[in-house]
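The values are calculated or read from the model by the stated rules, or taken from the named source; none is laboratory data. Here the structure is a predicted model, which is why all the values come from computation and not from measurement. Here the Cβ positions follow ideal geometry from the backbone for every residue, glycine too, while neighbour counts run over all protein chains shown. The protein model used for the area step is the full one, side chains on, heavy atoms only, and it has no ligands, DNA or RNA in it. Shrake-Rupley method; radii C 1.70, N 1.55, O 1.52, S 1.80 Å.
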Amino acid sequence: MQDRARIVIVGAGIVGCSTAYHLAELGVTDVVVLDQGPMFETGGSTSHAPGIVFQVNPSRTVSKLAQDTVAIFAGLHDERGPVWQSTDSLEIATTHARYEELKRREAYGLAWDLRARLLDTAETVAKVPLLNGDRILGALFVEGDGVVRPWAAAGALAKLATARGVRFHGNTPVTGFRVEGGRVRAVETAAGTILADSVVIAAGIWGPVVGRLAGITVPLMPFRHLYVETDPLPERAGIPAGTVNEPVTRHQDASMYWKAWGEGYGIGSYRHDPLPIEASGLPWEDGHSVAHMPDFPDEHFAFAVAETRSLLAAAGRQPISRRLNGVFSFTPDANSLMGESPTVKGLWLAEAIWITHGGGAGKLMAEWIVEGVPTYDVREVDIRRFHHHAYGRPYIRRRGIQQYREVYDIIHPNDQFSEPRNLRLSPMHGRQKDLGAVFFEGAGWERPRWYESNAHLLVGPDVPLRGRWEARNWSPIAGAEHLAIREAAGMMDLTPFVKLRISGRGALGYVQRLATADLDRAPGRVT
């Protein structure tokens, strides 16, 4: 193994392989990819993921990562043929609240240039004839979603990268990093030290373990996720193994999903008590850690079985032939961790990225590293979005548990986390509570959204009311307070606002460029 490379990537799952391939596409071929396991079924999440890709997401950035992933996967092949099957997808509604949510998701899809449309009950059952339409109100249908063979996609990308000069080394665990002057200088492995200009940590659920070797905290929590495959169904006799010939389906009211899989079905469920696990507690196979656990108790999957029997009876009555207690990651806000470390220059993170976004994430990482800026807005996934309080392990664990529980819930943009709270309090917090403040959390700060003590302001000018969805986590008192401040005066606590001191040569020109107001004024004024 060579002793120097321009870029070293730690992790040869879908994200590491995609990053390596796209770096090579941009002309950077002096790249080494390391993994603790064998290539390319390395034992990580890529090796066992169900491979389902849904592209609709409220976040434009997250949706774009999925769209890029589909485009990348669609062009990959291995010795078995294409690694990608375009199957389309369904998200079914069994409650009126879910059907209203699907209307919003349809709007997201159309806004993000996806072919998304609502179906009625009959149209839904026509797409998946084994579905029981008695409980189904309709579904969101999205063209172009599908299923990938994840480790095959990783291997195909690696093969293309290797042809351009990228080198891959399996069974090579990283044992440390050399960090000098606030910058990463080298990667230490069981096979020797590699000097490097930049390092990308794409180690998936082992990200926190690898990050600690470099002196940083990677804020993600691994969770066990339950997935099974059924025995063959008579209704699907003759379907070739591994073929998905109908839309992959999410039953989000029950926190579960199905995919036709040859003559049987694959069933995944989030509807069980969250099962967090530290990466250091994972089992070992063939000398390396693996991202799956021993079999799980039947009671964890009982609800999913019951719902399958109700809505997809032909699958629900079949015995289970394969059970997988897989492991994958959740962050405090459920989004990925990408970008350069705020504390160690040259150390990049590409973590907590699911198969759905893995191909696109590698493309974005390569562009970001080589060109210096991402090609589109990445604030929702940029590692720098987190404040210091978000790096404590109890915080990461508790927020991760809530994200796992709510992964398929109907989430309002103003819904608040229940815990942990009261992490950062203004000196005025006690007085605000006395005035009946309703607190929202932002960057760890407890901030009043309105004061119940101002209810008397509602006797003045009318405040436009909102519909049921728009009125969640809102009060007309907020509107009355707004009008009162416009018409008279008010006092607001700006303690949580970020304060920046910009000084030195060129400071004035810098802030003049940032601001729309004229800042070339004498001290003593607020501008």
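Once the C-beta distance of Thr375 and Arg317 is scaled by a Förster radius of 51 Å, the resulting FRET efficiency is 0.55 to the nearest 0.05.
Towards the positive end of the charge dipole of the chain, with charges on Cβ (+1 Lys, Arg; -1 Asp, Glu), say which of Val370, Phe328, Gln318 has the farthest Cα. Checked the options; the winner is Val370.
Measuring between alpha carbons in the structure, the pairs from Lys103/Lys433; Lys64/Lys345; Lys64/Lys127 lying more than 31 angstrom apart are Lys103/Lys433. Solvent exposure of the chain, expressed per residue, is 46 Å² of accessible area, with all protein chains present and a 1.4 angstrom probe. For segment 127-210, the fraction of 1.4 Å probe accessible surface lying on carbon and sulfur atoms is 50 percent. Measuring max minus min along each principal axis, the C-alpha atoms of the chain give extents of 75, 64, 39 Å (largest first).
Computed over Cα pairs, the Kirkwood radius of segment 229-308 leads via Stokes-Einstein (1.567 mPa s, 4 °C) to a diffusion coefficient of 88 µm² per second.
Could you please state how large a percent of the accessible area of segment 237-353 is carbon and sulfur, counting protein chains only and using a 1.4 Å probe? The C+S portion of the solvent-accessible surface of segment 237-353 is 51 percent.
If you wrap the Cα atoms of segment 382-527 in a convex hull and average its projected area over all directions, you get 13.1 nm². May I ask you to compute the full-extension gain from Arg6 to Met428, defined as 0.36 nm times their residue separation minus their alpha-carbon distance, rounded to one decimal in nm? Roughly 146.8 nm would be gained on extension. In segment 405-527, the portion of solvent-accessible area held by carbon and sulfur atoms comes to 53 percent [1.4 Å probe, whole percent, DNA, RNA and ligands not counted]. One chain, two ends: Val511 and Asp120. Fully extended at 0.36 nm per residue, the span grows by 135.3 nm beyond their Cα-Cα distance. Ranking Lys433, Lys103 by solvent-accessible area of protein heavy atoms (1.4 Å probe, all protein chains present), from largest to smallest, gives Lys433, Lys103. D by Stokes-Einstein for segment 129-180, Kirkwood Rh over Cα pairs, 4 °C, 1.567 mPa s: 79 µm²/s. Relative contact order of segment 153-278, please, whole-number percent, based on alpha carbon pairs below 8 angstrom and at least 6 residues apart. Over segment 153-278, the number comes to 17 percent. Summing charges over neighbours of Leu23, with a neighbour being any other residue whose Cβ is under 13 Å away from its Cβ, gives -1 when K and R count +1 and D and E count -1.
Taking each DSSP H run with n ≥ 4 as -39500 (n - 2.57) and averaging over every residue of the chain yields -8000 deg cm²/dmol at 222 nm.
Convex hull volume of the C-alpha atoms in segment 216-372, normalised per residue: 163 Å³. Calculated FRET efficiency, Ala471 to Leu195, Cβ-Cβ distance, R0 = 56 Å: about 0.45 to the nearest 0.05. Here is the size of segment 114-222 from its Cα atoms: Rg then Dmax, 22.9, 65 Å. In segment 288-374, the alpha-carbon atoms span a convex hull of 182 Å³ per residue. Within the full protein context, the accessible area of Lys259 is estimated at about 10 Å² for a probe radius of 1.4 Å. Computed about its Cα centre, the charge dipole of the chain is approximately 1420 debye, with only Lys, Arg, Asp and Glu carrying charge at their Cβ.
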